[in-house]
Amino acid sequence: MYALVDCNNFYASCERVFQPYLNGVPIVVLSNNDGCIISRSEEAKQLGIAMGAPEFKVRKELEQNKVKVFSSNYPLYGDMSKRVMTLLGNFTPDVEVYSIDEAFLNFDKVKIDDYTHYGLQIKNQIYKCLSLPICVGIAPTKALSKVANRVAKKFPTQTNGIWVIDTDEKRVKALKWLAVEDIWGIGRRLSKKMKLKNINTAYDFTLLHNEAYIKSVMGVVGIRLRMELLGKPVLETEEISAKKSIAVTRSFEHNISAYDDLKERVLTFATVCSEKLRLQKSSCSTIVLFLQKDRFDKNNQKYHYTRQITLSFPSNASLTINNAVLKMLDDLYEPNSVYKKAGVIVTQLVKDDEIQLNLFEAENPKYRHLMHAIDSCNRKLGSRKIRLASQDLKRTWKMKQNHLSNQYTTKISEVIMVKC
């Protein structure tokens, strides 16, 4: 049996953990640069505030309904997510972290007599330790556990946040209730095509006469999904693997036209990419830089610019990657142009212990020791205390965050003060 554990309204719930006076108050959390709404509390949903709505379009509505607005606080959300996943490890050794607020649990190695009671234990443990509300869906396959979790979320009063699909009758009833666009892995465009073929529910998706059509539009992925919904497990929990590419991209807090300002941004992105490479013990061979102007400015005939460089040898040294990015920036930069966004992508990754040596060119061996020393100091002293001279020494991301809450669990100066 599998369980899908999903934290309810995760970002909004994290804000409430440390500000309990917000219980019952409508909350929304905004994306980077305070752009769009990416998380809503149940109260905000009931007010009809749409997911993904640009903040400036619904600003009056938020003010009129006294909705509490927060900027994204990813250090807080990431730390709370780690705590959730650590607690889930107490219930089974086989945990697959699916996203920041979701995880699959495989119960094959655990003896459980009553799955509903076990799910309730998980829910109570998470709430007792972290004050985060969750829903648990349990079923014979991963896809069905997603369906069960959706039932638990949709009917919290009847299910108490726990739903177990352990009979064929429950499976069929849940599939007939679930719309085709809500099936795991089926997007809006694909669901439109399926509705034209009278596949309106998850149950229709599993019918035998629709198998050929599903195979034609989704291939083997669709066949596997159909098998999972029929209760035949074909997807196993997956171990976390190293990333095949790493991207650091950001919209700027303000438009940038000066070369030095743009240089500082892209070299910071390149440095963060190299830090992530070293963290997963990989090196890259190809580096991509892109710059983006305002796509809605009619004066810009072209708004997206990109270059890429392939290194002579794989590297994860900030100095090597920064030099490559600087070379591409010099090639792309246009004086008097205004840029809104930039990004650095590193690809063709190879593990450090599998790098093929080059007879004629190699990286300066001092770089490896230097990067190791910088990473060790940053782990000991705090995130990015030691930086390259090309970076801003005060701020890393420079995002618009007018509604940012404290980093209660990761920054010593912002922990909760208790008067006693």
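What the table shows:
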| item | result |
| --- | --- |
| Hey, residue 251 surrounded by fewer than 19 Cβ atoms within 10 Å (Cβ to Cβ), out of contact with any helix residue (DSSP H, G or I) (no Cβ under 8 Å at 6 or more places or on another chain) and among the hydroxyl-bearing types (Ser, Thr, Tyr) or not | no |
| Test: residue in the stretch 381-400 that is of a type outside the set (Asp, Glu), within 29 Å of residue 31 (Cα to Cα) and outside any loop (DSSP other than H, G, I, E, B) | yes |
| Looking only at the stretch 104-125, and only at residues there that are touching a residue at least 60 places away in the same chain (Cβ under 8 Å) and within 24 Å of the chain's Cα centre (by Cα), the one that is farthest from residue 147 (Cα to Cα) | 122 |
| Matching entry among 244, 215 (being open to solvent by 90 Å² or more (accessible area, probe 1.4 Å) and outside any helix (DSSP H, G or I)) | 244 |
| Failed item in (1) surrounded by fewer than 14 Cβ atoms within 10 Å (Cβ to Cβ); (2) among the charged types (D, E, K, R); (3) at pLDDT 90 or above; (4) touching an Asp or Glu at 6+ places or on another chain (Cβ under 9 Å), with residue 169 passing the rest | (4) |
| Residue within the stretch 260-273 that is more than 25 Å from the chain's Cα centre (by Cα), touching a residue at least 12 places away in the same chain (Cβ under 8 Å) and open to solvent by 30 Å² or more (accessible area, probe 1.4 Å) present | yes |
| Leading residue by the ranking (surrounded by the fewest Cβ atoms within 10 Å (Cβ to Cβ)) among those in the stretch 74-103 that are within 17 Å of residue 41 (Cβ to Cβ) and over 13 Å from the mean Cα position of the chain (by Cα) | 76 |
| In the stretch 348-407, residue nearest to residue 15 (Cα to Cα) [restricted to those that are at pLDDT below 85 and among the acidic types (Asp, Glu)] | 392 |
| Strands (runs of 3 or more DSSP E) lying entirely in the stretch 63-113 (those with 1 or more residues that are among the hydrophobic types (A, V, I, L, M, F, W, C) and within 30 Å of residue 400 (Cβ to Cβ)) | 68-70, 94-99 |
| Hey, residue 277 open to solvent by less than 20 Å² (accessible area, probe 1.4 Å) and under 21 Å from the mean Cα position of the chain (by Cα) or not | yes |
| Single match in 407, 391, 401 (criterion: of a type outside the set (Phe, Trp, Tyr), in contact with a Pro (Cβ under 6 Å, 6 or more places away or on another chain) and within 26 Å of residue 72 (Cβ to Cβ)) | 407 |
| Residue in the stretch 348-368 that is without any contact (Cβ under 8 Å) to a residue 60 or more places away in the chain, under 24 Å from the mean Cα position of the chain (by Cα) and either under 22 Å from residue 265 (Cβ atoms) or open to solvent by 100 Å² or more (accessible area, probe 1.4 Å) (or both) present | no |
| Residue within the stretch 118-132 that is out of contact with any Leu (no Cβ under 6 Å at 6 or more places or on another chain) and not in a helix (DSSP H, G or I) present | yes |
| Close pairs (9 angstrom Cβ cut-off, 6 or more residues apart or separate chains): over 17 Å from residue 84 (Cβ atoms) in the stretch 7-33, of a type in the set (D, E, K, R) and part of a loop (DSSP other than H, G, I, E, B) anywhere | 25/66; 26/66; 32/400; 33/400 |
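The values are calculated or read from the model by the stated rules, or taken from the named source; none is laboratory data. These figures come from a predicted structure and were not determined experimentally. Please note: Cβ atoms are built from the backbone with ideal geometry, for glycine as well, and neighbour counts cover all protein chains shown. When the accessible area is computed, the model is the full protein with side chains, heavy atoms only, and any ligands, DNA or RNA have been set aside. Shrake-Rupley method; radii C 1.70, N 1.55, O 1.52, S 1.80 Å.
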